[in-house]
Amino acid sequence: MRKTLRLVTRPVLAMAVVLTITALGANASLTTYSTPASFNAATNGVTTQTFGFLSATVGPGNAVGVNNSLNSATNNGFVSPGDIAAGLDIAATTSFGQDIALTGPNFFGTGTTNYAVFGNYNGSGLQFTFSPGVTAFSLGILSEFSSADATISVFSPSSVLLGSITLSSAPTSGSGAFLGVTSTGSIGSVVLTATDAPFAGVDEVQFGSSTPEPSSLLLLASGLLGAAGTLRKRLG
């Protein structure tokens, strides 16, 4: 039986965030960041997607269900074209109809701080697809029950699993727990699920490019110098 997002009475707990990476792909490695400052230092020119535009249609304390998916062309009465940044598509992992919940701050008395997007059915997660692929993203992660772990699965543009990250005890109130990720390979999509709770959501998404590490820049410079030397020999 399907269940939609609902009010649940529960204690608000102070919860530590623990990150674990498993199942790394052979051709890429992932690095995680637990603060915006550390993520910003490792990235260059990321796009930030928040959902404050919902204040005009959903409003504080409320939640509405809409069909998959949300992108720059969406026009469903709550989300207008251009509200979602170009290159980002957000879809629930279910397909029953009205699979996405758009929520206002403190929706149904939950104590959340920001406008957010959730999967709307029991067991539903969210998939974030980036076009073109990116090498950095971050999520502000929320769950519907206390002490809920979230799983973030990261895929290449060809749907190869690059890594699976576990975030322990995603919050049920306040702002979403920050998780930033950079990759040495291209990221095409990310799937978020709450392993101990029926609903997973986000109040922010960022995506863009990571900054090459100094060793990578040195290799690039060496390669360019080598190519220049080869060209000089050919021209000489």
**OP:** State which residue is surrounded by the fewest Cβ atoms within 10 Å (Cβ to Cβ) when the search covers only the range 123-135 and only residues that are of a type in the set (A, V, I, L, M, F, W, C) and within 22 Å of ASN40 (Cβ to Cβ).
**Re:** PHE130
Subject >> All positions within the range 106-122 that are free of Cβ contacts under 8 Å to residues at least 60 places away in the same chain and either closer than 11 Å to GLU144 by Cα or not in a loop (DSSP other than H, G, I, E, B) (or both) >> reply: PHE107
Subject >> Among the residues listed as SER138, SER95, SER80, the single one being of a type outside the set (A, V, I, L, M), closer than 25 Å to SER173 by Cβ and either loosely packed, with under 15 Cβ neighbours inside 10 Å or in contact (Cβ under 8 Å) with a residue 12 or more places away in the chain (or both) >> reply: SER138
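Take the residues in the range 186-200 that are of a type outside the set (Gly, Ala, Ser) and at pLDDT 85 or above, then tell me which one is farthest from GLY119 (Cα to Cα).
The first filter runs over the range 186-200 and keeps only residues of a type outside the set (Gly, Ala, Ser), leaving 187, 190-193, 195-196, 198-199.
Still in the running and at pLDDT 85 or above: 187, 190-193.
Numbers: ILE187: 22, VAL190: 14, VAL191: 11, LEU192: 10, THR193: 9 Å.
Among those residues, the one meeting the criterion is ILE187.
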Original post:
Counting only residues that are hydrophobic (A, V, I, L, M, F, W, C) and more than 25 Å from PHE108 (Cβ to Cβ), which one in the range 83-92 is surrounded by the most Cβ atoms within 10 Å (Cβ to Cβ)?
Top reply: LEU88
Original post:
For the range 141-172, which residues satisfy the criterion of being part of a loop (DSSP other than H, G, I, E, B) and surrounded by fewer than 20 Cβ atoms within 10 Å (Cβ to Cβ)?
Top reply: PHE145, SER146, SER147, SER156, PRO157, SER158, SER159, VAL160
**OP:** From (1) under 17 Å from LEU54 (Cα atoms); (2) modelled with pLDDT under 95; (3) surrounded by fewer than 23 Cβ atoms within 10 Å (Cβ to Cβ), pick out the condition that doesn't hold for ASN120.
**Re:** (3)
Subject >> Extreme residue, farthest from ALA116 (Cα to Cα), among residues of the range 35-77 that are exposed (fewer than 15 other Cβ atoms within 10 Å of the Cβ) and of a type in the set (Val, Ile, Thr) >> reply: THR35
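The values are calculated or read from the model by the stated rules, or taken from the named source; none is laboratory data. This structure is a prediction, so every number in the text was calculated from the model and none was measured. Every residue, glycine as well, gets a Cβ built from its backbone with ideal geometry; the counts of neighbours run over all protein chains shown.
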